[in-house]
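Below is one structure, written out as structure tokens; comments come after it.
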Amino acid sequence: MKVLKFGGSSLADADRIRRAARIVLRAARHERVVVVVSACQGVTDRLLACAKRAEEGTGKYRDDYDYVVHLHVALLTDLLGARRPRRTVSAVTALLDDLGDVLHGIALLRHCSPRALDLVASFGELLAAALFASYLRRRHPAEDVDARALIVTDDRFTRAGVQSEPTHRAVRRYFRRRSRSKGRRPIAVITGFIGATADGRTTTLGRNGSDYTAAIIGAALSASRIEIWTDVDGVFTADPDIVPSALVVPHLSYEETMELSYFGATVLHAASIAPAVAGRIPILIKNTLNPHGPETWITERTESWDRVAKGITSVDDVTLLTLRGMRMVGAPGTADRLFRSLAAEEVNVILISQASSEHTICLAVSHDDTPRARQALTREFHYELEAGATAVDVATGQTIVAIVGDGMRGTPGVSGRVFQALGRNNINVTAIAQGASERNISFVIDTRQRSRALNVIHQAFFETRKRLDLLVMGVGNIGRTLLEQLRTQAPALARQGFDVRVVGIANSRWYVLRPEGIDLGQWPALLGVDCTASEHVVAAYEVFVRANAHVITPNKKVNVLPWETYAALKDLMHSRQKYLLYEANVGAGLPVISTLRDLVASGDEIVKIEGILSGTLSYLFNQLDGTRPFSALVQEAHRKGLTEPDPRDDLCGEDVARKLLILARELGLEMELRDVECENLVPRSLRRGVFSPAFYEAFAKADGAMRRRLERAQEHRAVLRYVGVLEEASASAGLREVPLHHPFATTTGSDNVIAFTTRRYAKTPLVIQGAGAGADVTAMGVFSDILKLLHYLPY
Ligand code: ADP
Ligand code: ASP
Ligand code: MG
């Protein structure tokens, strides 16, 4: 024998009711079934609203009442058609009339006691059972059963406690009597959620209580299993409405389920586990809309599952009360007084945390309990509060998040992973508690951060793929090339477990956001890629960071900001755990920055960094062999597009100075751009004014001096190179004679070369050489940063 429970979500409309009935009839072919139904979806809410409105005495409740009437009459017509059995019609009509009378009574009295509220709420289940049984009867004998004749409770209206002994007796008696009757045995359709006191007053078992009813009936009849049919495929790793990537957990232990549902997984009522545990009855959660799909089994022991946690849940509308005071230190009995006073006010404490200094005790209570909790505390600690020795802080609008799983027991690093995920996403935690069972870690956050918290923790625990969303700013040569590289490499990245998506592209005039690419329910790491040369974009980095984005850029502007601004931005990024990556700043795609970082991180000491750091200057001096004047070479390079639009921007050496500064700051040197001594190859008289082709005429006058420098170098068996040097905390750049055997002498084209002389690379420096300019290699430098970021991010 098995119990099948259909929740409101399975009884939302006629179509779903038909599906539910098909499931029952199919199951009944193989074994005896008992059905438990709750009210049709939304009905309990309407009924409770109705009662509250009736209490106001204005007659406004009639709208809600009419809605309930119409809903059930429409279902009756839709399900049973024109040939509606008179018996059902009169039963439903009688119930609706009774409900109308009760509401009228409340309106007259202008008072709705919890007892009256339960009576009103009970009509939802009574109506649903009558309809469902009648629909089943078209195919199979069935009868609706009023659970008030079976479930015996105390008189705590709205959340009554079930008395199991008399309840079990009543259930067994009822089914024994039925089994003696002749003919095909009818399927019992029992009302969930409701019960009655021993003297017959209607009670309810608390919201979502029909799960509990099903478990009680199952336990009383020693059912082989209890099936909870709902509108999702089982228990998910998180509420699928909040975490779209949640997965169905195939198997849970009773304890895990209890923790999950206690902390907000409404899919199963927390108390409903107990009767099933006592009878060791397996519970199966299934989807009425997808009966052959995945499902969750809940049994005594959990099956293996390759993740430590099973689920994440949350409870909203929580208030955090913090009792502070020196008196508590070493004063025994404080906690006892605290909890006794709360218990006396019937306040349910959801979470407790006490710091080992004993200076504070934090407790979380539900929003509804807050006034009573506060009253209890102010009364109990009256003297301490008055003397100013103790204070009570109250924070409303809080949410408790719990991570649950048997596998968390004895697994190190679980809480580390939780709080790292939260920290990285700038989510502040106001209290933490871990159950001694180690099956549950709970913490309190501001409700506004709930969705983000659930999603990032879900990502940390349940998602094996790393996601990164990119906003690419600037679509000139580099930006466009990068987008192309990303497009062609997307399948390769996907094979490595990375989902990299471009969700936005912008330049100075327009932007495109691809909302279908941005899944707002998820919180993948966000990355701003600045492929512009714009100062405005750099100024916005702070905004990006505050919006939780990492930043990657080939743009050098950020790294040469005045030290104070630069350091403040770095601090902000550090505190927000955000990366700023700029491999392409020096040597384009050459691994210069990353090599430097590896050297330093591995304990090497940097003695000297020298390099040919400007692609343009590299090209010019590779060409300069005395056959043609320098100014002609510059003019030709200009024509070929190898210089900046104004070639003086290359000749002044500032680009080299910037790169030296970046390397210096990488080593932790507090340096400014003006501290880099740098030789300007443009004669002083030609440095000002707008650039025009006439520049070359005047510039040719300096050719003689350049020729003489070259000849001197040649006499020394050397070549001329524009070299940047960083040594002993000082940086300089200028034209140097480089001996022919030196690696810098053998460059070609617009090669960059960087040589690191270090304690380990003392005799022969570590040299990195290759093309140091061009969209291809620069975009590749940016791409390599994206890959680095994917590896750095913990999930
Ligand atoms: P019913 O009306 O069938 O009793 P409920 O609304 O009580 O349905 O419970 C099912 C709902 O529980 C789902 O639609 C889902 O929105 C919510 N829910 C919350 N947490 C979870 C979870 N961890 N797994 C599955 N569902 C969850
Ligand atoms: N109908 C009741 C409620 O909405 C009981 C249930 O759905 O389980 O709370
Ligand atoms: Mg439910």
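The values are calculated or read from the model by the stated rules, or taken from the named source; none is laboratory data. Only a predicted model underlies this, so the values are computations on that prediction, with no experimental measurement involved. Cβ coordinates were reconstructed from backbone atoms using ideal geometry, including for glycine residues, and neighbour counts include every protein chain displayed. Heads up: the accessible areas ignore ligands, DNA and RNA and are worked out on the full protein's heavy atoms, side chains in. Shrake-Rupley method; radii C 1.70, N 1.55, O 1.52, S 1.80 Å.
When ligands, DNA and RNA are left out and all protein chains stay put, how many square angstrom of accessible area per residue does the chain have with a 1.4 Å probe? Walk me through the intermediate numbers first.
Details: 36120 Å² over 795 residues.
I get 45 Å² per residue for this part.
Over every pair of different alpha-carbon atoms in the range 84-133, take the mean of 1/r and invert it; report that Kirkwood radius in Å.
Its Kirkwood hydrodynamic radius stands at 11.6 Å.
Given the options 114, 284, 308, identify the residue whose Cα lies farthest towards the positive end of the charge dipole of the chain (+1 on Cβ of Lys, Arg; -1 on Cβ of Asp, Glu).
Of 114, 284, 308, it is 284.
With contacts defined as alpha carbon pairs under 8 Å and 6 or more residues apart, what's the relative contact order of the chain in percent?
Across the chain, relative contact order equals 9 percent.
If you line up the long axis of helix 630-639 against the longest principal axis of the chain, both from Cα atoms, how many degrees apart are they, to the nearest 10?
Here the helix axis deviates by roughly 30 degrees.
Pairing the Cα long axis of helix 86-109 with the longest principal axis of the chain, what angle in degrees results, from 0 to 90 and rounded to the nearest 10?
Compared with the principal axis, the helix lies near 80 degrees.
When the helices in the chain are scored as -39500 (n - 2.57) per DSSP H run of 4 or longer and the sum is shared across all residues, what 222 nm value do you end up with, to the nearest 500 deg cm²/dmol?
When only DSSP H runs of four or more count, the value is -12500 deg cm²/dmol.
List, in order, the whole-Hz ³J(HN,Hα) value for each residue of the range 575-588 obtained from phi through the Karplus relation with A = 6.51, B = -1.76, C = 1.60 and θ = phi - 60°; use x for Gly and Pro.
5, 8, 6, 10, 9, 10, 10, 8, 3, 6, 5, 10, x, 6
Calculate the length of the line joining the C-alpha centroid of the range 1-27 to that of the range 92-131, in whole Å.
If you average the Cα positions of each part, the centres end up 24 Å apart.
Which order do peptides 227-239, 730-742 fall in by mean Cβ count within 10 Å, highest first?
Order by mean packing, descending: 227-239, 730-742.
Computed on alpha carbon atoms, what radius of gyration and Dmax characterise the range 6-144, expressed in Å?
Over the range 6-144's Cα set, Rg and Dmax evaluate to 15.8, 53 Å.
What is the range 431-513 by shape, rounded, prolate or oblate, if you read a ≥ b ≥ c off the alpha carbon gyration tensor as root eigenvalues and call it rounded for a/c under 1.5, prolate for a/b larger than b/c, and oblate otherwise? Could the numbers behind the result be given before it?
Numbers: a/c = 5.42, a/b = 2.05, b/c = 2.64.
It comes out oblate by the Cα gyration axes.
Taking just the alpha-carbon atoms of the range 398-471, what radius of gyration and Dmax come out, in angstrom?
Over the range 398-471's Cα set, Rg and Dmax evaluate to 12.6, 44 Å.
How about residue 763: which aspartates and glutamates have a C-alpha closer than 17 Å to its C-alpha, ignoring those fewer than 8 places off in the same chain?
Once the sequence-local aspartates and glutamates are set aside, what remains near residue 763 is 604, 605, 610, 727.
Any chance you could get the radius of gyration and Dmax over the Cα atoms of the chain, in Å?
37.3, 122
Would you calculate the separation in nanometres between label points at residue 113 and residue 539, each defined as 7 Å from the Cα along the Cα-to-beta-carbon direction?
It is 7.0 nm.
Given the pairs 608/788; 640/701; 556/701, which span a C-alpha to C-alpha distance of over 30 angstrom in this model?
Violating the 30 Å limit, Cα to Cα: 556/701.
List the lysines whose Cα sits under 22 Å from the Cα of residue 286, skipping any in the same chain fewer than 8 residues away.
Excluding near neighbours in sequence, the set is 2, 5, 310.
Per-residue counts of other Cβ atoms within 10 Å, averaged by peptide: what ranking do you get for 472-479, 693-700, highest first?
The packing order, highest mean first, is 472-479, 693-700.
Please sort 383-396, 270-283, 4-17, 530-543 by packing, taking for each peptide the average over its residues of neighbouring beta carbons within 10 angstrom, highest first. Mind dumping the intermediate values first?
Numbers: 383-396: 13.5, 270-283: 20.1, 4-17: 22.2, 530-543: 17.9.
Ranking the peptides 383-396, 270-283, 4-17, 530-543 by packing returns 4-17, 270-283, 530-543, 383-396.
Dipole magnitude of the chain about its Cα centre, charges +1 at Lys/Arg Cβ and -1 at Asp/Glu Cβ only, in debye to the nearest 20?
That gives a dipole near 3080 debye.
Report, in degrees rounded to the nearest 10, the 0 to 90 angle that the Cα long axis of helix 114-136 makes with the longest principal axis of the chain.
Tilt relative to the chain: about 90 degrees.
Give the carbon-plus-sulfur fraction of the accessible surface of the chain in %, rounded to a whole number; probe 1.4 Å, heavy atoms of protein chains only.
The computed percentage sits at 50.
Is the shape of the range 704-780 rounded, prolate or oblate, going by the alpha carbon gyration tensor and its root eigenvalues a ≥ b ≥ c, with a/c under 1.5 for rounded and a/b larger than b/c for prolate?
oblate
Using a Debye calculation, one point per C-alpha and no hydration shell, please list log10 I(q)/I(0) for the range 581-648 at q = 0.26, 0.29 Å⁻¹ in order.
-1.13, -1.27
Where q = 0.10, 0.12, 0.15, 0.16 Å⁻¹, what log10 of I(q)/I(0) comes from the Debye formula for the range 152-292, counting one point per Cα?
Here the Debye-derived log intensity ratios amount to -0.38, -0.53, -0.81, -0.90.
Any idea what the dipole of the range 608-729 comes to, in debye rounded to 20, about its Cα centre with Lys/Arg Cβ at +1 and Asp/Glu Cβ at -1?
Charge dipole of the range 608-729: 500 debye, to the nearest 20.
Taking a ≥ b ≥ c as the square roots of the eigenvalues of the Cα gyration tensor of the range 141-189, is the shape rounded (a/c under 1.5), prolate (a/b larger than b/c) or oblate?
Judged from the Cα gyration tensor, the range 141-189 comes out oblate (a/c at least 1.5, b/c at or above a/b).
List every residue whose amide H lies under 5 Å from the amide H of residue 389, counting only residues 5 or more places away in sequence or on a different chain, with H placed 1.01 Å from N in the peptide plane.
Amide H neighbours of residue 389, under 5 Å, 5+ apart: none.
Enter the mean projected area of the convex hull around the alpha-carbon atoms of the range 659-795, in nm², rounded to one decimal.
Working: hull surface 49.7 nm².
So the Cα hull casts an average projection of 12.4 nm².
What number, in percent, do you get for the relative contact order of the range 549-697 if the mean sequence gap of Cα pairs under 8 Å and at least 6 apart is divided by its residue count?
22
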